[in-house]
Amino acid sequence: MLDLVSRRNWFYLFSFLLVIPGVISLMIPPRLRPGIEFTSGTTFSFRYAQDTSTSQVKSLLSDLGHPEARVQTTGPNEFLVTTNEIEGSTTTPPVGPALPSGRDIVETALAKEHGGFLDTNGNRTSQFTEFSSVSAAVSKAIGRDALLAVLLASVAITLYISWSFQNVPNSARYGISAIVALLHDVLLVVGVFSILGKVFDVEVNTFFITGVLTVVGFSVHDSIVVFDRVRENVGRGLIRNFPEAVNHSLLQTMGRSFNTSLTLIFSILALLLLGGSSIRDFLLVLLIGVTTGTYSSVFIASMFLVTWQQGDIPALWRRITGRPAAQTGAQAPAE
């Protein structure tokens with residue numbers, strides 16, 4: 001029988017090599033490239049009728065008082081622009097028409113250049129295809145709520161798994177091991193987006209947070225499947241020790257986990273190739289997260305559970321410090 005558990009240190013090393021480039025990138029400012037949802041600002045998109053380059057659009061925006069604007073191409077003569085927040089008029093005169101807003105000024109000026117704007121159907125228009133603006137107060141609330149959502153999800157997962165496995169000795173270790181795998185997945189996803197932000201200007205937005213929360217649920221789902229089989233095998237008492245029970249459980253569930261994940265990955269790849277650019281970041285988070293979540297549920301969560309149960313961490317501490325580790329009950333029998 002294939003012995004995966006005895007090779008757990010190799011799986012830890014492989015995970016370390018995967019995570020370390022992202023960690024290094026996160027240590028180099030800017031750690032991530034946040035979207036306007038987290039920094040405040042304005043994004044708008046449009047399509048010109050004539051051939052136009054990004055440098056020409058940047059020059060036009062600079063003349064309009066927005067030298068900080070970032071311009072990206074999304075298609076032939078199609079552009080996505082991100083600027084500081086564009087505010088409208090703060091006062092309405094009692095007599096006469098209202099003063100033009102910041103959007104009106106930029107929109108009107110850009111629409112006069114390069115043959116004017118075209119809508120999604122190729123017809124002439126004087127308006128942006130899309131326009132979105134987020135204030136500083138709203139962006140702070142979004143960032144705070146996103147962090148709170150991830151933390152609450154982690155705490156709820158730990159408590160639920162600990163309660164579900166309460167009939168197993170050291171049930172809290174199952175919940176904490178699932179969280180270790182979850183953090184592994186989130187760190188890998190965030191690290192990849194940090195690298196992509198520096199190399200390809202990929203931004204972190206609310207779709208990114210939605211994708212991370214989805215990855216959290218998927219990662220824990222796979223870990224629970226393995227842990228549930230471990231509980232069954234330990235409860236039967238037919239296997240001599242805990243590492244053997246975990247190894248046997250992994251071999252029983254690994255095929256099911258891989259097949260389920262591959263089906264989802266194929267669907268995500270199809271959407272990435274055929275879907276629109278608006279959900280690209282969300283799909284990219286899912287692709288990375290589902291792949292690493294499948295790996296971590298088999299080779300991180302279960303292995304960490306064995307490591308903790310067998311007292312490997314105190315043994316490592318003794319080798320590093322040369323002093324005996326405190327008795328933590330890690331050697332408690334699993335049966």
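The values are calculated or read from the model by the stated rules, or taken from the named source; none is laboratory data. Bear in mind that the values here come from a model prediction, so they are computed numbers and not experimental data. Heads up, the Cβs are rebuilt from the backbone with ideal geometry, glycines too, and the neighbour counts pull from every protein chain shown. Each accessible area value is taken on the protein alone, full model and side chains, heavy atoms only, with ligands, DNA and RNA left out. Shrake-Rupley method; radii C 1.70, N 1.55, O 1.52, S 1.80 Å.
Looking at TYR174, TYR160, just one residue is farther than 27 Å from ARG280 by Cβ, open to solvent by 60 Å² or more (accessible area, probe 1.4 Å) and of a type outside the set (Gly, Ala, Ser), and that residue is TYR160. Within the option set ALA149, ALA181, being touching a helix residue (DSSP H, G or I) at 6+ places or on another chain (Cβ under 8 Å), part of a helix (DSSP H, G or I), surrounded by 13 or more Cβ atoms within 10 Å (Cβ to Cβ) and modelled with pLDDT under 85 holds for one residue only, ALA149.
Residue pairs whose Cβ atoms lie under 8 Å apart, sitting 6 or more positions apart in sequence or on different chains, and linking a residue in segment 288-303 that is farther than 19 Å from ASP228 by Cβ to a partner that is open to solvent by 10 Å² or more (accessible area, probe 1.4 Å) and aromatic (Phe, Trp, Tyr), are GLY289/PHE218; VAL290/PHE218.
Within segment 19-45, the residues that satisfy the criterion of being open to solvent by less than 70 Å² (accessible area, probe 1.4 Å), over 30 Å from VAL81 (Cβ atoms) and of a type in the set (A, V, I, L, M) are VAL19, ILE20, VAL23.
Has segment 127-142 got at least one residue that is modelled with pLDDT under 85 and open to solvent by 80 Å² or more (accessible area, probe 1.4 Å)? The answer is yes, given that some residue of segment 127-142 is modelled with pLDDT under 85 and open to solvent by 80 Å² or more (accessible area, probe 1.4 Å).
For the residues SER25, SER53, the requirement of being more than 30 Å from GLU244 (Cβ to Cβ), within 25 Å of the chain's Cα centre (by Cα), at pLDDT 90 or above and among the hydroxyl-bearing types (Ser, Thr, Tyr) singles out SER25.
The criterion of being assigned to a loop (DSSP other than H, G, I, E, B) and touching a Lys or Arg at 6+ places or on another chain (Cβ under 9 Å) holds for ASN167.
Inside segment 57-87, residues that are of a type in the set (D, E, K, R) and either assigned to a strand (DSSP E or B) or touching a Cys at 6+ places or on another chain (Cβ under 9 Å) (or both) make up a count of 2.
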